[in-house]
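In what follows, a structure is listed as structure tokens, so that the remarks can point back to it.
The values are calculated or read from the model by the stated rules, or taken from the named source; none is laboratory data. Small disclaimer: the values here were computed from a predicted structure and weren't measured. Here the Cβ is made from the backbone with ideal geometry for all residues, glycine too, and neighbour counts use every protein chain on show.
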Amino acid sequence: MIVSLFRPGFYAAEHDPAVPTVIFDGDTVRDATPAALQRGVQVGGGLADAKAILREDGQYVAVDMAQARRRAATWWRALLAYSDLIVVRSPAEALVDLRAHPDPREVAGEMARAVRRSGPGGVAMGLARAAWMADAVRVEVPPDALDLGVYGGGEVEASELARWPVDWLTELTTEERDRLKLLGYRRLGVVAQLPLPALTRAVGKRAWWVQQLAQGADPGALKPNYPPEAYTERWDFGAGCEDRMALELAGDEMAHRLALRLARHDRMASTLWLTMTNEEGQTVTYRRQLAKPVAQAHPLRVFYRQVVDRGLPWPPVRATLSLPRLQGAKRVQRQLDQMVGSSERQDAAETARARVVAAMGVGTIKRACEIEISRRERWLRQWSDAIGWS
């Protein structure tokens, strides 16, 4: 089961509930105080409409997303006790995958109560076997009902799903939903029973996927984004270190370890943090944002040495090199000649090589040492190695 969670009143929690206040983002109303809601302001509506309703009585505050994310970290952390498959959509909204739990409804109730205890704001929740269905059945749960374990959502019967309008299929783009309605396919039951060629003419190559959604299946998988994946390596010097060689050795070793982890898990980093700690526990952090993601030890080593070259405010007792906010790397096969772990692997490599040569011609596959590099490229590589650019 997928749980869709939303925190009504999250953005407005820091404002006086008796004052009609609208929290907006661009031209959209993100949240409003109870006084503004009673006057008819709609969350998700237009800012111009809210101003027309409240006129000079209202207060209008632009949402501070950085501050909202800091506040939201409290209830995001509460979710980690129940699942590590979490998709944070905004500071006030998240999806949680509970399909691995034997009793997801009971776990969802406990999780919702933990979220409510984590800070101000209500709890709206929906449970279903697909994320878009959980969004559709999401309702705000009163605090007293939540304490009693009463909450909405759950399995959606096939007969009920067939009556749902196509507009509820939020996984589709607005253009795709409009095209289906224009062709007369206004209910999910109709879309689910369409012949695949007819549906292909309506939505293109995604026809099979759209039909699976209309039938209540979930062909996709959630892509968790919380907590942000990060790698960290530490080096303890034991005492304040002033020896240049010892400092460089620590940086080389941490860069090497991080590069191995990046390669092992197909990750890349574009943000580098280096924190130095002295004997009194004071810290200083250096940050660098790279122009493009890297997965090698060399850029990490260059960053570390440049910090050391500029001079440290004190002899450090600990160095911490961190790579926050990692991203996926494109998978590549780095070795072919050296696939000699077993005779089967070597035979497979030779067979693959023979097929490529037969199809593309002799000389198609070359060892790295056989590839000729122009003088300009060799010069640029030397320049990159010298100054650390990539």
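Numerical summary
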quantity: Pair list, Cβ < 8 Å and 6+ apart or interchain, from region 120-138 residues that are within 9 Å of V156 (Cβ to Cβ) and touching a residue at least 12 places away in the same chain (Cβ under 8 Å) to residues that are small (G, A, S) and in a helix (DSSP H, G or I); calculated: A128/A134; A128/A136
quantity: Those residues of region 220-261 which are in contact with an Asp or Glu (Cβ under 6 Å, 6 or more places away or on another chain) and modelled with pLDDT of 90 or more, in sequence order; calculated: M254, R257, L258
quantity: Within region 262-287, considering residues that are surrounded by fewer than 17 Cβ atoms within 10 Å (Cβ to Cβ) and of a type in the set (K, R), the one modelled with the highest pLDDT; calculated: R287
quantity: Within region 223-269, tally of residues that are of a type in the set (D, E, K, R) and in contact (Cβ under 8 Å) with a residue 60 or more places away in the chain; calculated: 10
quantity: Subset of region 37-66 (residues that are surrounded by 13 or more Cβ atoms within 10 Å (Cβ to Cβ) and either in contact (Cβ under 8 Å) with a residue 24 or more places away in the chain or of a type in the set (K, R) (or both)); calculated: R39, V43, L47, A50, K51, L54, G58, Q59, Y60, V61, V63, M65
quantity: Cβ pairs under 9 Å, 6+ apart, first in region 200-218 and assigned to a loop (DSSP other than H, G, I, E, B), second surrounded by 16 or more Cβ atoms within 10 Å (Cβ to Cβ) and among the β-branched types (V, I, T); calculated: Q215/V191; G216/V156; D218/I2
quantity: Top-ranked residue in region 305-330 [being crowded, with 16+ Cβ neighbours inside 10 Å and within 21 Å of E229 (Cβ to Cβ); ranked as modelled with the lowest pLDDT]; calculated: A329
